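Colleague: Before we start, here is the structure in question, set down as structure tokens.
Rule-based calculations on the coordinates, nothing more; no lab input. Remember, predicted model here, so these are calculated numbers, not experimental data. In this analysis, Cβ positions are derived from the backbone assuming ideal geometry, glycine residues included, and neighbour counts consider all displayed protein chains.
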Amino acid sequence: MLLYTMQDNSTLVIKNPANDEIIATLPKETEAGLQTILQNLRQGQKNWSQRTVQDRLDCIVKFGELILENKQELAAILTQETGKPITQSLNEIQGAQNRIVHLQANAIQWLSEESLVETGPTLEKIVYEPLGVIANISAWNFPYNVGFNVFLYALVAGNAVLYKPSEYAALTGLQFEKYLHEAGIPTDVFRCVIGDGRLGQQILEAPMDGYFFTGSYATGLHIAKAVAHKLVPLQLELGGKDALYVSDDVVDVKQAAISAAEGAFYNNGQSCCAVERIYVSDKIYEQFVADFVTEVKSYVVGDPTDIKTFIGPLTRQPQTALLNEQVADALDKGAQLKLGGKEIAGQGNFYYPTVLIECDNRMKVMQEESFGPIIGIQKVSSDEEAIACMQDTEYGLTAAVFSANEQRAMRILKEMNTGTVYWNCCDRVSPNVPWSGRKKSGLGATLSIQGIRAFVQPKAYHLRKL
Ligand code: NAD
């Protein structure tokens, strides 16, 4: 299990995964520096929590405006450090704004005190108080989306935030800090600290009032064990092995194949809710596979700064070995390789978009998170077989059904032990509904009313006038 992801020295070297060039060398936060930051945050949080929700919201709205004003430069930074194709970087920055719209519409209502008993001898009400100083240890694949899900909601709720971006999205993390401060969030209320897993470990040992983590199951489990004795809120947004079932009654098989391929290959498959395995009715299997392969062949693979590119490099080089292992294991167990199956020679961490068919659930590609441009497709002969295959997983993030029949789809989706289910769509997150994983996909929820209440603690008042 890889818990420390880069060598231990005093600087963090940031490389462009498209060409292996060093783009920045950042000083890592020291242990003493971390202690000072935490003392300041503790002080800053007291004043921040005294300000009104509206006042805090105003800063977040201003932050959103600054992000949009600077989105070209911010997208270029994101593309340079993660390899995300530039159009997808711009989409992410634009799309993440819906969290701010959601907060504007709802935060005041959801954070206001609630009177439950207003007459009689004893009045009863709930007041929602911030947790205090919380840690947000984050991932690199969608730093805007997963970052905003945590630190914007935490700040509006009156907390101070120690934000540790992934070592693969550190430059973007520093931009968040810059624009939050420029938008009026005090410097002792939000801080971004730079480092790898060792800094993460120091944060686990520090006296935080809550831990909000997005990343892999292995690190999430480690964090859960390390902080259990503190009995502070812990939230884990972890990986997935998200299944899609294409039933025999889909109106347009080609369109289903196009949507499924996008769900699998968007952001190079490096999405927590990417489609990671596909089950297709035997009645449409041949046509679906043909359409799917045609669609994937049309993807432009290459320079992520080119607006035509759909597939850039993998962000993390070690992922290629995992993908090669999944391909070898699948072929060994009887799968057929229709496309790709290996890294692209030359500079950068490029991997051919890979399609495996005739798969089954004994294969690693159908069981272990791939987090790359690879998909396994399996033929099924009934809804019952599809349900059994989809449910045969240690993860529980999302599941999707493509079908013309709503009742049929609902019957299947009801069986899924996942935090999110989709009918005729996939790979989608909305601030209106909770984002949560079950089993190895996590603990707790972000977004929606649950996602803001995660950053407050209720205080029950029993008030009797004598
Ligand atoms: P990761 O677990 O390698 O790293 C995540 C963060 O943990 C990084 O900031 C890293 O520095 C830190 N870390 C590493 N070791 C640590 C330690 N010992 N103590 C404390 N912190 C430590 O994950 P990643 O590669 O950045 O992200 C990819 C994973 O995240 C995938 O599994 C993906 O599915 C998942 N993810 C889930 C969601 C979701 O909403 N469910 C969203 C995005 C990504």
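Colleague: With label points built 7 Å along Cα→Cβ from the Cα atoms of Ala206 and Ala32, find their separation and express it in nm.
Modeller: In this crude label model, Ala206 to Ala32 measures out at 1.6 nm.
Colleague: Determine the gain in length on full extension of the stretch Val61-Asp306; use 0.36 nm per residue of separation and subtract their C-alpha separation, reporting nm with one decimal.
Modeller: My answer for the length gained is 85.1 nm.
Colleague: Go through Lys333/Lys379; Lys241/Lys440; Lys254/Lys364; Lys364/Lys414; Lys84/Lys178 and tell me which ones have a Cα-Cα distance over 18 Å in this structure.
Modeller: Values: Lys333/Lys379 15 Å; Lys241/Lys440 10 Å; Lys254/Lys364 27 Å; Lys364/Lys414 26 Å; Lys84/Lys178 22 Å.
Among Lys333/Lys379; Lys241/Lys440; Lys254/Lys364; Lys364/Lys414; Lys84/Lys178, the Cα-Cα distance tops 18 Å for Lys254/Lys364; Lys364/Lys414; Lys84/Lys178.
Colleague: Taking H as built 1.01 Å from N, whose amide H comes closer than 5 Å to the amide H of Phe190, not counting residues under 5 places away?
Modeller: Long-range HN contacts for Phe190: Val161.
Colleague: While we're looking at this one, here's another question. First measure r as the distance between the Cβ atoms of Gln255 and Lys297, then evaluate 1/(1 + (r/R0)^6) with R0 = 25 Å and state the FRET efficiency to the nearest 0.05.
Modeller: 0.90
Colleague: Do any GluC sites (Glu not before Pro) in the range 232-282 lie in a loop, going by DSSP, with at most 14 other beta-carbon atoms within 10 Å of their beta carbon, and if so which?
Modeller: Working: sites: Glu237, Glu262, Glu276; in loops: none.
Taking the range 232-282 and a limit of 14 other Cβ atoms within 10 Å, no loop GluC sites (Glu not before Pro) are found.
Colleague: Give, rounded to the nearest 20 debye, the magnitude of the charge dipole that the range 242-431 has about its Cα centre when Lys and Arg contribute +1 at Cβ and Asp and Glu contribute -1 at Cβ.
Modeller: Result for the range 242-431 is approximately 300 debye, rounded to the nearest 20.
Colleague: Rounded, prolate or oblate: which fits the range 288-357 when a ≥ b ≥ c are the square roots of the eigenvalues of the alpha-carbon gyration tensor, with rounded for a/c under 1.5 and prolate only if a/b beats b/c?
Modeller: Verdict is oblate for the range 288-357.
Colleague: Still on this structure, please answer the following. Give the residues of the range 353-386 whose amide nitrogen is closer than 20 Å to a point set 7 Å from the Cα of Leu331 in the direction of its Cβ.
Modeller: 353-368, 370-378
Colleague: In the neighborhood of Gly239, defined by Cβ-to-Cβ distances under 13 Å, what is the net charge if each Lys or Arg adds +1 and each Asp or Glu adds -1?
Modeller: So the environment of Gly239 carries a net charge of -2.
Colleague: With viscosity set to 1.002 mPa s at 20 °C, what whole-number translational diffusion coefficient in µm²/s follows for the range 204-268 from Stokes-Einstein and a Kirkwood radius over Cα pairs?
Modeller: 143 µm²/s
Colleague: In nm, to one decimal, how far is the Ile23 label point from the Gln50 one, both placed 7 Å along Cα→Cβ?
Modeller: Spacing of the two 7 Å Cα→Cβ label points: 4.2 nm.
Colleague: If you don't mind, another one. Taking square-rooted eigenvalues a ≥ b ≥ c of the alpha carbon gyration tensor, is the range 362-434 rounded, prolate or oblate, where a/c under 1.5 means rounded and, failing that, a/b exceeding b/c means prolate?
Modeller: Since a/c reaches 1.5 but b/c is at least a/b, the shape of the range 362-434 is classed as oblate.
Colleague: Using a 7 Å offset from the Cα along the Cα-to-Cβ direction at both Arg362 and Leu116, what is the distance between the two label points in nm, to one decimal?
Modeller: Once both label points are built, they end up 5.5 nm from each other.
Colleague: If the chain between Asn70 and Ala290 were fully stretched, how many nm would it gain, using 0.36 nm times the residue separation less the Cα-Cα distance? Intermediate results must be reported in sequence, preceding the final value.
Modeller: Numbers: separation 220, 0.36 × 220 = 79.20 nm, distance 4.19 nm.
Stretched out fully, the Asn70 to Ala290 stretch lengthens by 75.0 nm.
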